[in-house]
Protein chains: 2
Amino acid sequence: MVVGAGFGGLAAARGLRSTGIALTVIDRRNFHLFQPLLYQVATAGLNPADIAWPVRSILRNQRNATVLLGEVVEVDASSSVVRLQDNREIPFDWLILATGATHNYFGHDEWERIAPSLKTVEDATLIRRRVLEAFERAENRLTTDHDDDKTRQLMTFVIIGGGPTGVELAGAIAELAKKALTADFRNIDPRSARILLIEGSPSVLGQFSPSLSAFARRSLEKMGVEVQVDTHVTHCTEDCVTCGDLHIPAANIFWAAGVKASPAARWLNIAADPSGRVKVKDDFSVDGHPNIFVIGDSAAYVQDGKPIPGIAPAAKQAGAYVATHIASDVAGKALPKPFRFRNYGSLATIGRNAAVMDLGPLRLKGRLAWWLWGITHIFFLIGNRNRLLVAMQWFYNYLTFGRGARLIVGPDRPSARH
Amino acid sequence: MVVGAGFGGLAAARGLRSTGIALTVIDRRNFHLFQPLLYQVATAGLNPADIAWPVRSILRNQRNATVLLGEVVEVDASSSVVRLQDNREIPFDWLILATGATHNYFGHDEWERIAPSLKTVEDATLIRRRVLEAFERAENRLTTDHDDDKTRQLMTFVIIGGGPTGVELAGAIAELAKKALTADFRNIDPRSARILLIEGSPSVLGQFSPSLSAFARRSLEKMGVEVQVDTHVTHCTEDCVTCGDLHIPAANIFWAAGVKASPAARWLNIAADPSGRVKVKDDFSVDGHPNIFVIGDSAAYVQDGKPIPGIAPAAKQAGAYVATHIASDVAGKALPKPFRFRNYGSLATIGRNAAVMDLGPLRLKGRLAWWLWGITHIFFLIGNRNRLLVAMQWFYNYLTFGRGARLIVGPDRPSARH
């Protein structure tokens, strides 16, 4: 049984394809989401369905796989059963938990309502709504009064967290404000929007080499994003971000500062690291349960003294490894050697013609990295339909500087589903 | 001032383009919605953004037009002011109300929660969610018990109302169940879904000629839709539709049985017809207010003894006419002759290779009508981006029988915005 149809869970399911082992894939959503492009949904560049694909369709032709839409709430490791929200109990022989991570407000969960994060499709449409409505409200205000402070506050966007998601979101909001929307308003000038990226450590994209991380910062600043490093948020309200003595009046605050693992550790009642990730053995199994594995963002797999990163390639490699492990065990063959994560490199995009690519010895930045970033992301999407649709919309956005998915829809509150 | 950025309101705004008359376009949504294709969003064939376009972008280059996001709640005709929900008052010299229509439950508003209609993007994603979840729930049920009656109820879809929307929705749900989903489930066979279309009058697509209407019925039946004509719904509950003595156990009920006009008549405190449409004069102005016009689905414009139909071409023609009327009046030129609606024909689609086209002397049905339907709808979309995206997805859906936008998202309740 695989719980979670993200990158890790799907890789595990596919790895078991030719084994004939009957397999149940459980997810609480009916679709696999390509999270690396979620920020483009949040900034009106893409549609949700362009980066999502029904899990049933993905596994349609894998006859040993059954897909179940349901939310796991408990794992009974001793009797080998998972319990779903609707109280159904589903027994397993082998269990792979690939339940991912959610955002981490580091003890300030009350900030979630004020500063939404970007993890689900609903989060993305909520952020899109907030960004687009900010400009509408500023435009509306100026028809009746000319309180410039209030207008500036409405047009200030603060992104907290300078990792890839924060950088991508800040860059995309800057492009939206300074390119896509410019001709659409009569009272305000969207180019005057203030976009701040706040990072606690000394540099943005800290996991990249210093030269690439400096390039990312310069690129952001060139796009009009103010970058504040070494800055910790101490308080958030609906119209202000406070960092120690610094008060930033801002009506739009988005959170990209950290993740915490899904409750897999709690379900298994075993030790977790401070981010809530399950400490796993060198085959991803958990202590005392050789038939239960935890992979992806929910797991802390320590290699060379530090946990492997919480990125899609690591989850995919882990899923494939565990599938081989289980298949070998079932077939009575020799088990594979302990897992080793192979890091093929890191990629992040900042904006038009600006990306960074850290392939170890090879470091790329700028236009070439940006094109390679686009090509690899299209390649990794699932299904030719989505590849074609994303490629076409990017091409359109590139040529026109426009953003086509500028819809304000749905209720203005973070989704109940995370 | 134009209230409403649907087909009528946009046509009026564009008609005033070269006049230099300063113009405000008010809509409560930030986008124009191409409603004729909304049923394809509800059945996972298209994305919301494919059939919507920001009003600001549409009017970006029309420098005499200002777009205001806001909801009109009152019109003070005597002092020439409209009031918005946030209490702002906006004065006008000329007013064009093009506020459309909403669904009509004919006194049974309590059915709205049970049987949603298809008017907004939120309605469409709600219906999509209900349709997709029905299959998921049926699949889930069969893993635990084999109560066939309950499963059949979950897989029964009742569409109430056999006009174009009802026919299109029934046909598209049939295609989804009987083609797109077939290989995706393990316990249920989506092809066994029961789809019923209920119509009160003696025929579906009653506004078409009898031969086309009979063709539509045969096509639906060939696709596996049961068509019940001369049948009136007397009661709806969450799991049953009652039509007199007939009880249809069904967990999925959708409403396409009628529309009622927006509250324009109430705002103006003047006479309305039974559907709530404002009785307008032969230039669309209202009695006693030669500077206030009502067009589109909100107006009852009587021509040759009966109201012109509530369809997009009628609204567009009315918008263009009123723009000319106002421009002539402002310029001191002769006013145009009374409006006459030119009916270029009616079009409706039933499913793959099946559509009907009633062009008066020329009547088409089947494959040719279907292709013409597709081509005209792509032509009438706004923006080449949307044309290209819709064409591509249709081509993909046609080749693969697949439906790409199968996402279950958002809260399960009708939107508060109508």
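Miscellaneous remarks
- Burial of accessible area (probe 1.4 Å, heavy atoms of protein chains only) in the stretch A:385-408, relative to its chain alone, reaches at least 30 Å² for A:385, A:389, A:392, A:393, A:396, A:404, A:406, A:407, A:408.
- Axis angle, to the nearest 10 degrees, between helix B:384-400 and the longest C-alpha principal axis of chain B: 20 degrees.
- Nearest 10 degrees, 0 to 90: helix A:367-380 Cα axis against chain A principal axis: 40 degrees
- The 3J(HN,Hα) values that the Karplus relation (6.51, -1.76, 1.60; θ = phi - 60°) gives for the stretch B:280-288 are, in residue order, 10, 7, 6, 10, 6, 7, 9, 3, x Hz. Gly and Pro appear as x.
- Reported value for the stretch B:2-105: 117 Å³ per residue, from the convex hull of its C-alpha atoms.
- Using a 7 Å Cα-to-Cβ projection, residue B:229 label spacings across copies, nm, ascending: 7.5
- Counting DSSP beta bridges with both ends in the protein assembly as shown, the antiparallel % (nearest 5): 55 percent
- Considering only the Cα atoms of chain A, their convex hull presents on average a projected area of 20.7 nm².
- The stretch B:19-79: trypsin sites (Lys or Arg not before Pro) in DSSP coil with no more than 15 other Cβ atoms inside 10 Å: B:63
- About the centre of its Cα atoms, chain B shows a dipole size close to 1580 debye [charges on the beta carbon of Lys, Arg (+1) and Asp, Glu (-1) only; nearest 20 debye].
- Nonlocal amide H pairs with residue B:197, under 5 Å, H built at 1.01 Å: B:159, B:226, B:227, B:228
- Straight Cα distances below 23 angstrom link residue B:365 to the lysines B:178, B:179, B:222, with same-chain residues fewer than 8 positions distant left out.
- Remark: chain B carries 41 Å² of accessible area per residue (probe radius 1.4 Å; ligands, DNA and RNA excluded).
- Restricting attention to the stretch A:261-391, close to 90% of DSSP beta bridges with both partner residues there are antiparallel.
- A convex hull fitted to the Cα coordinates of the stretch A:54-113 yields 149 cubic angstrom per residue.
- Hydrodynamic radius (Kirkwood) for the stretch A:109-257, which is based on Cα pairs only, to one decimal in Å: 15.5 Å
- Position residue A:379, label points 7 Å along Cα→Cβ, spacing to each other copy in nm (shortest first, one decimal): 4.3
- Considering only beta bridges that DSSP places wholly inside chain B, some 55 percent are antiparallel.
- Point-to-point label distance, residue A:343-residue A:87, nm (Cα→Cβ direction, 7 Å offset): 4.9 nm
- Rotation relating A and B, chain B residue nearest the axis via C-beta, angstrom: B:47, 2
- In the A-B interface, the accessible area buried, summed over both sides, Å² (probe 1.4 Å): 4600 Å²
- Charge dipole (the protein assembly as shown, unit charges on Cβ, about Cα centre) - positive-most of B:181, B:394, A:174: B:394
- Sparsely packed chymotrypsin sites (Phe, Trp or Tyr not before Pro) within the stretch B:75-127, loop by DSSP, other Cβ within 10 Å at most 15: B:106
- For the protein assembly as shown, size of Cβ-based charge dipole, Lys and Arg +1, Asp and Glu -1, in debye: 2940 debye
- Whether the protein assembly as shown is rounded, prolate or oblate, judged on the alpha carbon gyration tensor where a/c under 1.5 counts as rounded: oblate
- Once the Cβ-Cβ distance of residue B:266 and residue B:189 is raised to the sixth power relative to R0 = 56 Å, the FRET efficiency obtained is 0.65.
- Rounded to 0.05, the FRET efficiency of the residue B:379 and residue B:235 pair, given R0 = 60 Å and the Cβ-Cβ distance, is 0.90.
- Rounded to the nearest 10 degrees, the angle from helix A:164-175 to the longest Cα principal axis of chain A is 30 degrees.
- A compact globular protein would have a Cα radius of gyration near 2.2 N^0.38 Å; the ratio found for the stretch A:239-383 is 1.34.
- The portion of the accessible surface of the protein assembly as shown made up by carbon and sulfur, rounded to a whole percent, is 53 (1.4 Å probe; DNA, RNA and ligands excluded).
- Positive end of the dipole of the stretch A:270-371 (Cβ unit charges, origin at the Cα centre): among A:341, A:276, A:324, the Cα lying farthest that way belongs to A:341.
- This model, with +1 at the C-beta of Lys and Arg and -1 at the C-beta of Asp and Glu, gives the stretch B:1-100 a dipole about its Cα centre of some 380 debye.
- Rounded accessible area of residue B:155 (nearest 10 Å², 1.4 Å probe): 10 Å²
- Whole-number Å³ per residue for the convex hull built on Cα positions in the stretch B:154-193: 54 Å³
- Trypsin sites (Lys or Arg not before Pro) within the stretch A:100-129, DSSP loop, no more than 12 other Cβ atoms inside 10 Å: A:113
- Candidates A:196, A:176, A:399: whichever shows maximal mean-square fluctuation once chain A is modelled as a Gaussian network with Cα springs under 10 Å: A:399
The values are calculated or read from the model by the stated rules, or taken from the named source; none is laboratory data. Predicted, not measured: the structure shown is a model, and the values here were computed from it. Because the Cβ atoms are built from the backbone with ideal geometry, glycine has one as well, and the counts that use them run over all protein chains shown. The area values use the complete protein model at the heavy-atom level, side chains included, leaving out ligands, DNA and RNA. Shrake-Rupley method; radii C 1.70, N 1.55, O 1.52, S 1.80 Å.
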